[in-house]
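*Asks:* First the structure, then my questions, so here it is.
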Amino acid sequence: MDPVQLDEADWSACYALHSAAHAERGSRPNASQAAYRAGHLSLSSDGQQLFWVAREDDRIIGKADLYLGDQLTDRGRFALYVLAEHRRRGTATELLRALVDAALSRGCEQLVVGIDHADSRTLCEQAGGELTQRVTIRTLALNDVPWPRVDTWVEAGERDSPGARVLQFDRLPDELAGDYLRLMERVQADVPRAGTPVPSVSLDVRRAEELAYARRGWRWHCFALQEPDGTLSALAEVSHDPLIADGVHQQITGVAPAQRGRGRAKWIKAAVLKDICTRYPQVTRVTTNNADDNGPMVSINRQLGFVDRVQQAIYRFDAAGFRAHLG
Ligand SMILES: CC(C)(COP(=O)(O)OP(=O)(O)OC[C@H]1O[C@@H](n2cnc3c(N)ncnc32)[C@H](O)[C@@H]1OP(=O)(O)O)[C@@H](O)C(=O)NCCC(=O)NCCS
């Protein structure tokens, strides 16, 4: 089975599948059909994403996606959905065989998937998947933000750390790059993920990611807290896809280990929220994902008004072992 190029009718069938997957877990797609299609196309034209579909009587009944990121890591992410009435006939296995073969042929040694369906969790465990993280996808409606609390967090940060300031940039400035990427690597290593190694991000990789965002038309806004001695103590990143005009995605937030527990994460998250409102008056919500055992991050997000939407179990597979299991 080969990866497919989809025509116009296929895109609406795939979007219907995507919507069915959301409905099954009690949510709705964030992206419109146009945004869904554009997102897939930009990733696939970069060779970062491949997809396969299963058809019955010309109707698309299942779809699998393989996301290979920047191809500089040996880990790929996949997603799979088969319509409920077509399950237990081997369709998922057939899609997965093609997907894992493609991953292996591209040097991808590990595969990661986020599962929100009990039956799929059982399948992952039977196929040798290792549960690495439980995460919750959360949404914050900007109308529900307790703004006085946000202001208090900024004021407390400025009061308790005189001389420290929030920096904001889209492209990582050369002069900050070394410090910023070292801090990023440190905080990434501390995100609870059951031993999944975090690849170190060189400036070349970072520049390639910046270009990939720009090619897709996404905006990437980065924030850092700079201490009076010039060191960086915290960072936060958000992204905006103009095709999902009313939403912003909050990515990583992190604080240097020696500075934790002193309100710096609250300060930088508050500064990010204020920035989003000024920069994007049309944005009504922020989405994020947090590991369920990340006590401080979950606490901060709850205090900001983030509401739980979907719970997922993240499984990691050794690609070769997974392929052997599929037969
Ligand atoms: C998550 C992280 C950014 C928090 O940084 P921090 O400097 O400790 O955060 P702050 O001091 O601003 O605020 C922490 C809040 O969490 C609370 N908290 C701390 N530990 C907690 C725990 N185990 N359970 C619940 N709440 C906890 C604190 O009480 C505080 O809230 P409060 O002031 O209302 O009491 C930091 O631990 C980190 O960088 N971790 C690694 C990277 C990471 O996991 N990032 C999140 C993934 S997106």
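Just so you know, all these numbers are worked out from the coordinates, no wet-lab data involved. Source: prediction; values computed, not measured. Here the Cβ positions follow ideal geometry from the backbone for every residue, glycine too, while neighbour counts run over all protein chains shown.
*Asks:* Counting only C-alpha contacts under 8 Å and six or more residues apart, can you give the relative contact order of segment 127-235 as a whole percent?
*Replies:* Relative contact order comes out at 37 percent.
*Asks:* May I pose another question? Considering the zone a paramagnetic label at ALA84 would reach in this model (a point 7 Å from Cα along the Cα-to-Cβ line), which residues of segment 1-35 have amide N under 12 Å from it?
*Replies:* Output list for this probe position: 20-26.
*Asks:* Please report the net charge: other residues with Cβ closer than 15 Å to the Cβ of SER105, K and R +1, D and E -1. Provide the component values of the computation, followed by the final result.
*Replies:* Details: positive: ARG97, ARG106, ARG323; negative: ASP2, ASP74, ASP101, GLU109.
After counting each charged neighbour, the total is -1.
*Asks:* As a check on your grasp of the helix formula, calculate [θ] at 222 nm for the chain: sum -39500 (n - 2.57) over DSSP H runs of n ≥ 4, divide by the residue count, round to the nearest 500. List each step's numbers first, then the result.
*Replies:* On the way: 10 runs with 133 residues, N = 327.
Only helices count here, giving -13000 deg cm²/dmol.
*Asks:* Turning to a different aspect of this structure: With 10 Å bins from zero, work out the P(r) of segment 146-304 over every alpha carbon pair and list the percent per bin.
*Replies:* 10, 39, 39, 12, 0
*Asks:* Over segment 146-304, what relative contact order in percent results from Cα pairs under 8 Å that are six or more residues apart? Intermediate values should be presented prior to the final figure.
*Replies:* Values: 213 pairs, mean separation 41.2, N = 159.
26 percent.
*Asks:* If you don't mind, there's one more thing I want to ask. Using the alpha-carbon atoms, what tilt in degrees (0 to 90, nearest 10) does helix 295-304 show relative to the longest principal axis of the chain?
*Replies:* Long axis of 295-304 versus the principal axis of the chain: about 80 degrees.
*Asks:* Output the Kirkwood hydrodynamic radius of segment 255-294, Cα pairs only, in Å rounded to one decimal.
*Replies:* 12.1 Å
*Asks:* How are the Cα pair distances of segment 177-228 distributed, in percent, across 10 Å bins from 0?
*Replies:* Distribution as computed: 20, 44, 33, 3 percent.
*Asks:* A further question follows. Taking a temperature of 10 °C and a viscosity of 1.306 mPa s, what whole-number D in µm²/s does Stokes-Einstein yield for the chain with Rh from Kirkwood over alpha carbon pairs?
*Replies:* On the way: Rh = 21.2 Å.
Translational D for this selection: 75 µm²/s.
*Asks:* Counting only C-alpha contacts under 8 Å and six or more residues apart, can you give the relative contact order of the chain as a whole percent?
*Replies:* Contact order relative to length: 25 percent.
*Asks:* GLU155 to GLU56: FRET efficiency via 1/(1 + (r/R0)^6), r the Cβ-Cβ distance, R0 41 Å, to the nearest 0.05? Numbers along the way, then the final one.
*Replies:* Working: r = 60 Å, r/R0 = 1.47.
That gives a FRET efficiency of 0.10.
*Asks:* Okay, moving on. Three principal axis extents, largest first, for the C-alpha atoms of segment 225-298, in Å?
*Replies:* Here the Cα extents, ordered largest to smallest, are 39, 31, 15 Å.
*Asks:* Excluding same-chain residues fewer than 8 positions from LYS266, which aspartates and glutamates have a Cα within less than 12 Å of its Cα?
*Replies:* Reachable aspartates and glutamates: ASP151, GLU155, GLU158.
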